[in-house]
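The values are calculated or read from the model by the stated rules, or taken from the named source; none is laboratory data. Keep in mind the model is a prediction, meaning the values are calculated, not measured. Here the Cβ positions follow ideal geometry from the backbone for every residue, glycine too, while neighbour counts run over all protein chains shown. For accessibility, only protein heavy atoms count, side chains too; no ligands or nucleic acids. Shrake-Rupley method; radii C 1.70, N 1.55, O 1.52, S 1.80 Å.
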Amino acid sequence: MAPREQWTSKIGFILAAAGSAIGLGAIWKFPYMAGTNGGSVFVLLFIISTIAIGLPILLAEFVVGRMGQADAVTSLKRLAKGKKWFFLGWLGFAFAFIVLSFYSVVGGWILSYLVRALALNLNVVDHSILFESITANPVEVLLAQAVFMLLTIWIVQGGIKAGIERASTWMMPLLFIFFIILAIRSLTLEGAMEGVRFLFIPDWSLLTGETFILALGQAFFSLSVGVTGMMTYASYLPKEERLGSSALNVTILNIIISILAGLVIFPAVFALGHSPAEGPGLIFVVLPAIFGQIPFGNIFMIVFFILMLFATLTSSISMLEIVVSTGIRAKYDRRKRAAWVFGILIFIIGIPSALSFGVLSEVTIFGGTIFDFADLITSRIGMPIGALLISLFAGFVLTKAQTSEELDMHPKLTILWRFLIRFAAPIAILIIFGTWIFEVIN
């Protein structure tokens with residue numbers, strides 16, 4: 001039997017974990033959520049929520065994963081002492097499966113735009129029509145989704161060292177460099193400071209309870225907690241590495257990339273007279289139009305969609321790793337075959353989501369498309385439930401002595417973390433979940 005792999009360096013683990021968190025949540029969802037929910041007020045609440053609530057849950061996943069030194073199901077079995085908490089690992093397996101099935105669809109869209117950008121074929125009059133034509137074309141969306149899944153499978157089947165860590169150690173620095181370049185270009189546009197003010201100077205009249213709840217939800221989504229992905233990554237971490245500093249570094253990187261995404265988008269949006277409240281189409285509809293109006297726009301458009309592809313891949317490989325590690329359990333010599341089998345199954349399950357903007361557009365579930373339904377049962381149901389259960393497990397099942405030994409932090413910081421994970425985080429999650437249920441009922 002092949003031995004269980006480990007990360008070769010702390011920086012490799014941090015970059016891989018940060019890559020898992022920094023995906024469409026930071027680059028696609030954060031800007032449009034900020035744009036439609038008060039700008040700087042939302043940003044401030046997002047930062048507070050990420051540090052006060054998201055970071056403790058992220059650290060809880062790290063603790064459970066490193067203590068268990070196995071896939072999520074096996075780790076929970078080892079640590080629960082006869083209690084049936086292993087079902088949380090299978091929930092993570094199922095939700096990761098579903099997340100990647102529709103996540104790969106968006107990855108395919110990015111590939112379609114990147115190919116068009118490389119062919120200098122994005123200079124069109126109406127980008128909303130282009131977006132609709134791409135997403136409604138069954139051949140293109142399925143082919144692009146398949147290519148994206150092949151890239152994901154190819155990286156994951158290579159294992160932790162040769163696959164995930166190697167890919168993350170060059171993709172994440174490049175992503176960071178690209179963002180800085182794009183942010184500088186955006187900030188040099190005439191009128192860009194209006195976008196900076198929108199991002200950083202709070203208008204307290206826009207502060208509402210809903211804004212806080214949405215910011216809290218974005219903190220969970222952007223850190224990718226609740227689907228046992230961080231638990232899985234931490235299981236490959238050697239015992240001598242300090243978890244607290246790793247979790248803090250991942251959290252800080254996530255916040256920095258989110259803010260950089262805002263600095264790329266909002267200065268350009270305001271400089272060129274667009275609305276920040278464009279919603280989910282902000283990247284695919286507004287940004288190509290913006291790049292088409294500035295000098296060297298085609299070059300920056302290519303760079304941007306390469307960046308988007310990197311960010312999406314770093315998240316997709318973490319989702320597939322959850323599925324593969326849980327599926328093979330301790331049979332590590334089956335990684336390559338499992339990556340291909342599960343990857344192909346995920347592609348097949350994602351076909352209805354890919355077609356839900358075209359030939360299956362009239363098929364609705366709870367008033368939304370199949371794609372919307374897959375997003376709903378994971379990001380609005382699965383991730384909050386998973387994060388809640390992880391908090392309760394780390395806070396009440398693991399003993400104070402166990403977590404103190406694993407964390408190796410100052411005693412006062414450990415006490416603070418236990419308070420947050422036992423009480424503050426669960427209450428915050430229940431508020432988010434309860435608010436969503438209230439919205440559905442009404």
Of everything in region 25-34, what is among the β-branched types (Val, Ile, Thr) and surrounded by fewer than 21 Cβ atoms within 10 Å (Cβ to Cβ)? Give them in sequence order.
none
So if I check each of 270, 300, 310, which one is in contact with a helix residue (DSSP H, G or I) (Cβ under 7 Å, 6 or more places away or on another chain), farther than 20 Å from residue 187 by Cβ, part of a helix (DSSP H, G or I) and open to solvent by 10 Å² or more (accessible area, probe 1.4 Å)?
310
Please find, among 99, 124, 139, the residue that is in contact with a Ser or Thr (Cβ under 6 Å, 6 or more places away or on another chain) and either within 29 Å of residue 370 (Cβ to Cβ) or at pLDDT below 90 (or both).
99
Just the residues that are over 30 Å from residue 14 (Cβ atoms) and either open to solvent by less than 10 Å² (accessible area, probe 1.4 Å) or under 22 Å from the mean Cα position of the chain (by Cα) (or both), please, taken from region 285-297.
285, 286, 288, 290, 297
For region 313-326, which residues satisfy the criterion of being at pLDDT 85 or above and within 22 Å of residue 183 (Cα to Cα)?
313
Out of the helices (runs of 4 or more DSSP H) lying entirely within region 4-120, which hold 2 or more residues that are more than 20 Å from the chain's Cα centre (by Cα)?
40-49, 55-68, 72-80, 87-118
Sort out which residues of region 345-400 are aliphatic (A, V, I, L, M) and part of a loop (DSSP other than H, G, I, E, B), and write them in order of number.
359, 360, 363, 398
Return the pair list, or none, for Cβ contacts closer than 9 Å from residues in region 289-313 that are under 16 Å from residue 260 (Cβ atoms) to residues that are open to solvent by 10 Å² or more (accessible area, probe 1.4 Å) and outside any helix (DSSP H, G or I), at least 6 apart or on different chains.
300/294
Might you let me know whether region 353-365 holds any residue that is open to solvent by 40 Å² or more (accessible area, probe 1.4 Å) and in contact with a Leu (Cβ under 7 Å, 6 or more places away or on another chain)?
no
Determine, yes or no, whether residue 419 is assigned to a helix (DSSP H, G or I), closer than 15 Å to residue 103 by Cα and either open to solvent by less than 60 Å² (accessible area, probe 1.4 Å) or modelled with pLDDT of 90 or more (or both).
no
Taking only region 35-85 into account, find how many residues are open to solvent by less than 10 Å² (accessible area, probe 1.4 Å), out of contact with any Phe, Trp or Tyr (no Cβ under 9 Å at 6 or more places or on another chain) and at positive phi.
0
Determine the pairs where a residue that is without any contact (Cβ under 8 Å) to a residue 24 or more places away in the chain, located within region 378-401, has a partner that is among the basic types (Lys, Arg) and open to solvent by 20 Å² or more (accessible area, probe 1.4 Å) with Cβ atoms under 7 Å apart, the partner being 6 or more residues away or on another chain.
400/418
Is one or more of the residues making up region 146-157 open to solvent by less than 10 Å² (accessible area, probe 1.4 Å), over 28 Å from residue 316 (Cα atoms) and either among the polar types (S, T, N, Q) or assigned to a helix (DSSP H, G or I) (or both)?
no
